[in-house]
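What follows is a short report on a single structure.
The values are calculated or read from the model by the stated rules, or taken from the named source; none is laboratory data. Predicted model, so just to flag it, every value in this text is computed and none were measured. Cβ coordinates were reconstructed from backbone atoms using ideal geometry, including for glycine residues, and neighbour counts include every protein chain displayed. These accessible areas exclude ligands, DNA and RNA; they are computed on the full protein's heavy atoms, side chains included. Shrake-Rupley method; radii C 1.70, N 1.55, O 1.52, S 1.80 Å.
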Amino acid sequence: KGDKNLMKTKKILFSEPDIAHQLLDTLSDVISKYIIYQIEQGAQVVQLFDSWAHHLSPEQYEKFSLPYTAQVVTTVKAWLNETGRSVPLIFFANGCGGKLELIGHALRGKVDVVQVDWSVNIADARERLGSEFVIQGNVDPLTLLGSETVIRDTVTKCCEDAGRRHILNLGHGVVQGTPESAVDVFCQTARNLKYAQVLD
């Protein structure tokens, strides 16, 4: 059974940090190689997820997570440059609201897109990250349990607030039990939007 407080993991972080850093370094190397393998097999875009970021304070995140994310994307970007490939890298940290400045500073020039989860105001995320990054997100997945009007209005507002250099997406995955018809409304609304009109 999983531990929602991650007690065993955090005990290692705080009582044996050298072991934690050795493990994280090894994992970073393995993840880098796996991403490169995926691209070699035909992946046209790669998204790197930090699904546990919300379990760490900004200080802990800066120490135990972000350096290893930077290590992975730096390795992959170097390989892309060496092989003359162009594959966009997307980064998503779950619960990134209190960490956006850290992410922007550490990953500027290393990732092409930053995905933000639905708990972050996307206009605020745009201001804090700056115009260099493409922003992806961030409609609350449970909005898809609402009416068609709610879904359409939420999608439109998300695009208006995000401004240019934005990829519309949910702020996290589609929740099990979401009606397929609601996903269709989301997709059709996105297809029918014209950014020139939305951003006027």
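The table for this structure:
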{"read-out": "Matching helices (runs of 4 or more DSSP H) fully within the range 127-200 where at least 3 residues are open to solvent by 80 Å² or more (accessible area, probe 1.4 Å)", "value": "148-162, 180-192"}
{"read-out": "So W118, is it under 22 Å from V155 (Cβ atoms), of a type in the set (F, W, Y) and either out of contact with any helix residue (DSSP H, G or I) (no Cβ under 8 Å at 6 or more places or on another chain) or in contact (Cβ under 8 Å) with a residue 12 or more places away in the chain (or both)", "value": "yes"}
{"read-out": "Selected residue [within 21 Å of G98 (Cα to Cα) and charged (D, E, K, R)] from R152, R128", "value": "R128"}
{"read-out": "Test: residue in the range 70-79 that is in contact with a Pro (Cβ under 9 Å, 6 or more places away or on another chain) and surrounded by 15 or more Cβ atoms within 10 Å (Cβ to Cβ)", "value": "no"}
{"read-out": "Which numbered condition E62 fails, given (1) within 17 Å of the chain's Cα centre (by Cα); (2) farther than 27 Å from S131 by Cα; (3) acidic (D, E)", "value": "(2)"}
{"read-out": "Test: residue in the range 1-16 that is modelled with pLDDT of 95 or more and either closer than 13 Å to A93 by Cα or in contact with a helix residue (DSSP H, G or I) (Cβ under 7 Å, 6 or more places away or on another chain) (or both)", "value": "no"}
{"read-out": "Residue count for the range 1-33, restricted to those that are under 16 Å from T83 (Cβ atoms) and either surrounded by fewer than 14 Cβ atoms within 10 Å (Cβ to Cβ) or free of Cβ contacts under 8 Å to residues at least 12 places away in the same chain (or both)", "value": "1"}
